[in-house]
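Peer 1: This is the structure I have questions about; it appears just below.
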Amino acid sequence: MNLTDIQELDSIDPFAKHREQFQLPENKVYLDGNSLGVMTKATETRLQNVIQQQWSQDLINSWNDHNWVNLPQTVGEKIAHLIGAEPEQTICCDSISVNLFKALTSALTIVQAQDSERTVVLSTKDNFPTDLYMVQGVSQFLGQHRCQLKLVDESELEQHINSKTALVLATEVNFRTGRRINAKQLVANAHKNGALVILDLAHSAGAMPVHLDDWQVDFAVGCTYKYLNGGPGAPAFIYAAKRHHRTMSQPLSGWFGHARPFDFSPEYEPAAGIQQMLTGTPSVLAMSAVDAALDVFKGVSLEKLREKSLQLSDVFHQLLKTHDLDDVLQPIFPEQRSERGSQLSYHYEHAYGLCQALIQRGVVADFRAPNYIRFGFTPLYNSFEDIWQAAEQLRQVLAKNEHLDPRWQQRNTVT
Ligand SMILES: *Cc1c(COP(=O)(O)O)cnc(C)c1O
């Protein structure tokens with residue numbers, strides 16, 4: 001595959017025009033949208049307006065006049081479109097970690113009202129650590145008689161669901177390996193065995209079609225700063241299936257989750273629906289940024305986006321093969337396309353140095369301990385020529401041993 005073939009792919013790319021909506025960094029190939037998405041031009045315009053008009057001029061009236069008070073709902077509904085959720089089940093708030101606390105406690109309450117013997121939260125050993133830490137915290141808080149974490153291999157998750165399982169906590173796409181589980185099948189199996197499912201969509205929302213309602217997922221969480229381009233530390237989202245709204249209850253019972261917050265009543269009375277998942281005042285600047293960023297997805301077919309994402313990853317790996325690098329960098333991602341997320345991960349002894357040397361050359365990938373390098377593909381702003389450039393720079397770094405530079409012995413705090 002030569003550069004002309006690559007440029008041909010760009011010329012027929014249905015998303016080629018979308019790239020113009022992003023404020024792409026100059027002279028860089030950015031393959032880290034799975035960690036921090038690129039800023040959209042609309043975000044910049046919106047934030048300027050929020051600062052210069054809404055906050056500085058309209059001040060307190062903006063809660064009503066600019067609909068600040070409903071941001072969690074309006075942003076939530078935009079996200080709902082991307083995750084296969086009918087309205088009134090998704091809301092934007094807090095971080096994934098905090099939302100996991102709410103989902104875990106809500107789901108445990110629902111399951112244990114039926115069967116108090118179900119106390120196990122089943123998850124995978126190499127799940128994203130915060131997911132596991134939050135279960136450990138809930139376990140300490142509620143006690144072992146309500147919540148015990150059981151960790152198994154990702155490939156054996158379904159086998160371990162039994163009469164003690166209250167919940168299965170699974171991440172659809174593994175952050176290290178990029179492996180995608182079959183969420184639909186997992187939910188069907190969990191339900192057949194009397195357990196509920198909490199799905200983490202950190203690496204799926206905005207990267208591929210997700211069908212929460214169809215799959216009958218019970219609760220889901222996800223972040224907006226990765227594939228949704230909401231900005232560093234942008235607020236996350238939580239989904240609760242409508243069938244659970246009457247019985248769910250979460251203990252972070254702040255006033256924004258009250259049925260009538262502005263009654264200022266001393267008694268907590270949870271709001272009827274998904275709003276109950278709110279706790280405190282929304283972070284208006286951050287949520288406005290998410291709101292604006294989500295508009296790049298208007299009219300985007302997630303099926304087509306998925307197809308381009310897989311094609312980008314196919315082309316990247318093919319180019320590594322052409323450069324005879326597929327033995328040097330060992331793929332740890334699944335060969336099957338359907339089992340892939342929107343990233344490719346490789347094991348390499350000097351992965352950290354390689355990543356740093358690539359960044360020096362303007363190709364941004366990232367490193368995950370102990371020895372993995374990840375390349376994230378974001379179809380709305382990555383071109384095929386980006387991929388070609390990345391593979392070419394990778395070849396040159398390795399040919400010139402730039403990855404062995406002593407400068408890379410010392411690791412930064414954030415990798
Ligand atoms: C990025 C990520 C998180 C981050 O959680 P925060 O609380 O938003 O910091 C959680 N889970 C997974 C699977 C992730 O990839």
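The values are calculated or read from the model by the stated rules, or taken from the named source; none is laboratory data. Just so it is clear, the structure is predicted and the values come from calculations on it, not from any experiment. Positions of Cβ are backbone-derived with ideal geometry, glycine not excepted, and every protein chain shown enters the neighbour counts. Each accessible area value is taken on the protein alone, full model and side chains, heavy atoms only, with ligands, DNA and RNA left out. Shrake-Rupley method; radii C 1.70, N 1.55, O 1.52, S 1.80 Å.
Peer 1: Tell me whether region 349-370 contains one or more residues that are outside the structural domain of Ile181 (by TED's automatic domain parsing), out of contact with any His (no Cβ under 6 Å at 6 or more places or on another chain), among the aromatic types (Phe, Trp, Tyr) and open to solvent by 20 Å² or more (accessible area, probe 1.4 Å).
Peer 2: no
Peer 1: If you scan region 1-32, which residues turn out to be under 13 Å from Lys308 (Cβ atoms) and surrounded by 13 or more Cβ atoms within 10 Å (Cβ to Cβ)?
Peer 2: Leu9, Asp10, Asp13, Pro14, Phe15, Ala16, His18, Arg19
Peer 1: Mind checking which residues of region 17-38 are of a type in the set (A, V, I, L, M) and either in contact with a Pro (Cβ under 8 Å, 6 or more places away or on another chain) or within 16 Å of Ala207 (Cα to Cα) (or both)?
Peer 2: Within region 17-38, Leu31, Leu36, Val38 meet the criteria.
Peer 1: Criterion first (within 16 Å of the ligand (Cβ to nearest atom), of a type in the set (Ser, Thr, Tyr), assigned by TED's automatic domain parsing to the domain that holds Gly273 and crowded, with 17+ Cβ neighbours inside 10 Å) does Thr119 satisfy it?
Peer 2: No; evaluated as a whole, the condition is false for this residue.
Peer 1: Moving on to the next point. Among the residues of region 258-268, are any within 15 Å of the ligand (Cβ to nearest atom) and open to solvent by less than 60 Å² (accessible area, probe 1.4 Å)?
Peer 2: No, the conditions are met nowhere in region 258-268.
Peer 1: Would you call Gln276 within 23 Å of the chain's Cα centre (by Cα) and open to solvent by 20 Å² or more (accessible area, probe 1.4 Å)?
Peer 2: Spelling it out, it is not the case that Gln276 is within 23 Å of the chain's Cα centre (by Cα) and open to solvent by 20 Å² or more (accessible area, probe 1.4 Å).
Peer 1: Taking the conditions exactly as written (of a type in the set (Val, Ile, Thr) and within 28 Å of Arg337 (Cβ to Cβ)), does Ile91 satisfy them or not?
Peer 2: Spelling it out, it is not the case that Ile91 is of a type in the set (Val, Ile, Thr) and within 28 Å of Arg337 (Cβ to Cβ).
Peer 1: Same structure again: Conditions first: (1) open to solvent by 50 Å² or more (accessible area, probe 1.4 Å); (2) more than 16 Å from the ligand (Cβ to nearest atom); (3) on the phi > 0 side of the Ramachandran plot. Gly84 passes all but one, so which condition is the exception?
Peer 2: (1)
Peer 1: Can I ask one more? Taking helices (runs of 4 or more DSSP H) that fall entirely within region 52-148, which contain at least 1 residues that are touching a Lys or Arg at 6+ places or on another chain (Cβ under 7 Å)?
Peer 2: Correct list: 96-114.
Peer 1: Now a separate question. Are any residues in region 276-294 within 20 Å of Gln52 (Cβ to Cβ) and assigned to a helix (DSSP H, G or I), and if so, which ones?
Peer 2: Listed by number, the residues that qualify are Val284, Leu285, Ala286, Met287, Ser288, Ala289, Val290, Asp291, Ala292, Ala293.
Peer 1: Cβ-Cβ below 9 Å, separation at least six or inter-chain, first residue in region 47-59 and under 17 Å from Ser283 (Cβ atoms) and in contact (Cβ under 8 Å) with a residue 12 or more places away in the chain, second surrounded by 10 or more Cβ atoms within 10 Å (Cβ to Cβ) and acidic (Asp, Glu): which pairs?
Peer 2: Here the result reads Gln54/Asp65, each pair linking region 47-59 to a residue that is surrounded by 10 or more Cβ atoms within 10 Å (Cβ to Cβ) and acidic (Asp, Glu).
Peer 1: Still on this structure, please answer the following. Right, Ser338: open to solvent by less than 10 Å² (accessible area, probe 1.4 Å), of a type in the set (Ser, Thr, Tyr) and either over 23 Å from Asp200 (Cβ atoms) or more than 16 Å from the ligand (Cβ to nearest atom) (or both) or not?
Peer 2: So Ser338 fails the test.
Peer 1: Ok, one more. Name the one entry in Val315, Val296, Val290 that is open to solvent by less than 20 Å² (accessible area, probe 1.4 Å) and out of contact with any strand residue (DSSP E or B) (no Cβ under 8 Å at 6 or more places or on another chain).
Peer 2: Going through Val315, Val296, Val290 in turn, the sole match is Val315.
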